[in-house]
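Enquirer: There's a structure below that I have some questions on.
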């Protein structure tokens, strides 16, 4: 049985918690940590408390998942913890379709209905959300979020911190630069620089 602590208590944390309870028989959530819990308490056998409780839990072999949907805040928390990758784990839903040769960093969550095909690399602390499609030969940088229904066609590279909005599409062979955002329903037809937001079909830059 793998013991897991969730760091963060917002909407994404709720989804991950439900996913574990419904589908993972060998994973048990033993703690939910968030700095809004200023005092420790137990509820139904689960520890609630501030994030600093991590440093006690790791001595008992508890693994971490930072369940914060905002990419920048997720990275900020990971950097604050300054823990080695061995202290984080992955959660890959049994109803995700995942190629045998997938390479994935620690702290990444792959939701039900996601399809990940051959020769894909996914970085650490990513969210691969429900029903998205990650086609062959794609590369996803750390702290990215591929939102529900997004489609990455073949040979696409999205860099660190990218968010692909729900039902967006990236055409083959393109690159999306670090910390850029693709709006929901948009179609990216040419590579994007970093730190910009693009929306529409074709996607056009609307801000930084």
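The values are calculated or read from the model by the stated rules, or taken from the named source; none is laboratory data. Model, not experiment: these values are computed from the prediction. Backbone-built Cβ (ideal geometry, glycine too); neighbour counts: all protein chains shown.
Residue-by-condition table, conditions (1) closer than 17 Å to residue 117 by Cβ; (2) surrounded by 24 or more Cβ atoms within 10 Å (Cβ to Cβ); (3) not assigned by TED's automatic domain parsing to the domain that holds residue 126:
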site: 148; (1), (2), (3): no, no, no
site: 152; (1), (2), (3): yes, yes, no
site: 157; (1), (2), (3): yes, no, no
site: 167; (1), (2), (3): no, no, no
site: 170; (1), (2), (3): yes, yes, no
site: 175; (1), (2), (3): no, no, no
site: 178; (1), (2), (3): no, no, no
site: 184; (1), (2), (3): no, no, no
site: 204; (1), (2), (3): no, no, yes
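Enquirer: Something else about it: Taking the options 113, 107, name whichever one is assigned to a loop (DSSP other than H, G, I, E, B), in the same structural domain as residue 181 (by TED's automatic domain parsing) and crowded, with 18+ Cβ neighbours inside 10 Å. Full working, then the answer.
Expert: On the way: 113 fails: crowded, with 18+ Cβ neighbours inside 10 Å.
Testing whether each residue is assigned to a loop (DSSP other than H, G, I, E, B), in the same structural domain as residue 181 (by TED's automatic domain parsing) and crowded, with 18+ Cβ neighbours inside 10 Å leaves just 107.
Enquirer: Taking region 146-195 on its own, how many of its residues are closer than 22 Å to residue 76 by Cα and assigned to a strand (DSSP E or B)?
Expert: As a first pass, look at region 146-195 and keep what is closer than 22 Å to residue 76 by Cα: 146-147, 158-165, 176-182, 194-195.
Now narrow it down to the ones that are assigned to a strand (DSSP E or B): 146, 158, 163-164, 176, 181-182.
Of the residues in region 146-195, 7 are closer than 22 Å to residue 76 by Cα and assigned to a strand (DSSP E or B).
Enquirer: OK, next. Output the number of residues of region 49-80 satisfying the condition of being in contact with a helix residue (DSSP H, G or I) (Cβ under 7 Å, 6 or more places away or on another chain) and free of Cβ contacts under 8 Å to residues at least 40 places away in the same chain.
Expert: The total comes to 1.
Enquirer: Something else about it: So residue 86 ticks every box in (1) closer than 28 Å to residue 138 by Cα; (2) assigned to a loop (DSSP other than H, G, I, E, B); (3) without any contact (Cβ under 8 Å) to a residue 60 or more places away in the chain but one. Which box is left unticked?
Expert: Unmet condition: (2).
Enquirer: Can you name the residue in region 11-35 that is outside any helix (DSSP H, G or I) and modelled with pLDDT under 95 and, of all such residues, is surrounded by the fewest Cβ atoms within 10 Å (Cβ to Cβ)?
Expert: Within region 11-35, the subset outside any helix (DSSP H, G or I) is 24-35.
Remaining after also requiring modelled with pLDDT under 95: 24-28.
Numbers: 24: 17, 25: 8, 26: 6, 27: 17, 28: 15.
Per the criteria, the residue is 26.
Enquirer: Now for a separate question. Report yes if residue 94 is touching a residue at least 60 places away in the same chain (Cβ under 8 Å), closer than 23 Å to residue 26 by Cα and surrounded by fewer than 18 Cβ atoms within 10 Å (Cβ to Cβ), otherwise no.
Expert: The answer is yes for residue 94.
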